[in-house]
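Nothing in this text is a laboratory measurement; each read-out follows from the coordinates by a stated rule. Here the structure is a predicted model, which means the values were calculated and not measured. Here Cβ is always computed from backbone atoms with ideal geometry, including for glycine, and neighbour counts include all displayed protein chains.
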Amino acid sequence: SGVALKEPIKREAVPGALTAVVGAIGIGVFSAGGGGGDTVGDLLALAGAAFMAGHWLCGRAARRTGSALGYMTFVYGLTSVFLALMMPFTGGFSAPAASLPAIVLLALVCTLGGQALFTYALGFVSADVVSFALLGEPVGAAIWAYLLFGEQVTAPLLAGGAVVLIGLAWYMLGEMRAARRT
């Protein structure tokens, strides 16, 4: 965001940003080191993160002059067309009927209740703020997986998640201090 959109990270937010990134790297290193992950999955996650960063940068650029609804309609529409065109090459859409309510719920809650809110926020805050806030998403997912499905969270992953959350809180406090200063 600092380079592409001339929105540098606020000096007051840098320590929190570095702390959150260190926590995320710790989680990745533990996973890559044999703590339950696999290298291909880790590389795919890293590629996904890079594409998401591009998505949020484009969203911030678009939201400077356009509406959230217009941007979301374009992006979600284009994504839907792309997925529909890919279906014949990937075996089509196949899901048990019992899973369809959960799929609809995920689309409504996660896409409209989560991603849409972040897209709306891009009209008011930098892409950095949204990207750093999203570092908490895997931590939240791990908590939900534990509560809903009994998934176990190892101590190193728990520690990394705690560092991420501490870093995010510190980052957001820095952002708020910088906003009050201007």
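Cα extents for the stretch 74-182 along the principal axes, largest to smallest and rounded to whole angstrom: 53, 38, 23. When restricted to Cα atoms, the chain yields an Rg and a Dmax of 18.2, 55 Å, respectively.
For the stretch 104-128, the residues whose backbone nitrogen is under 17 Å from a point 7 Å from the Cα of Trp144, taken along Cα to Cβ, are 104-119.
In Å³ and rounded to a whole number, note down the convex hull volume per residue for the Cα atoms of the stretch 132-182. All intermediate terms of the calculation are to be shown ahead of the outcome.
Values: hull volume 3.1 nm³, N = 51.
Once divided by residue count, the hull of the stretch 132-182 is 61 Å³.
Residue ranges 149-162, 17-30 sort as 17-30, 149-162 when ordered by packing (mean number of other C-beta atoms within 10 Å per residue, highest first). The orientation-averaged shadow of the Cα convex hull for the stretch 1-103, equal to a quarter of the hull surface, comes to 10.3 nm². Relative protection proxy for 121-132, 62-73, from highest mean packing down: 121-132, 62-73 (other beta-carbon atoms within 10 angstrom). Per-residue 3J(HN,Hα) values for the stretch 4-10, derived from phi via the Karplus relation 6.51 cos²θ - 1.76 cosθ + 1.60 with θ = phi - 60°, read 6, 10, 6, 10, x, 5, 5 Hz in sequence order (x marks Gly and Pro).
Report the full-extension gain for the segment Ala179 to Phe51: residue separation times 0.36 nm, less the Cα-Cα distance, to one decimal in nm. Computed gain between Ala179 and Phe51 is 43.3 nm.
Rounded to whole numbers, the Karplus 3J(HN,Hα) couplings from phi for the stretch 157-165 are 5, 5, 5, x, x, 5, 5, 4, 5 Hz, using 6.51 cos²θ - 1.76 cosθ + 1.60 with θ = phi - 60°, and x at Gly and Pro.
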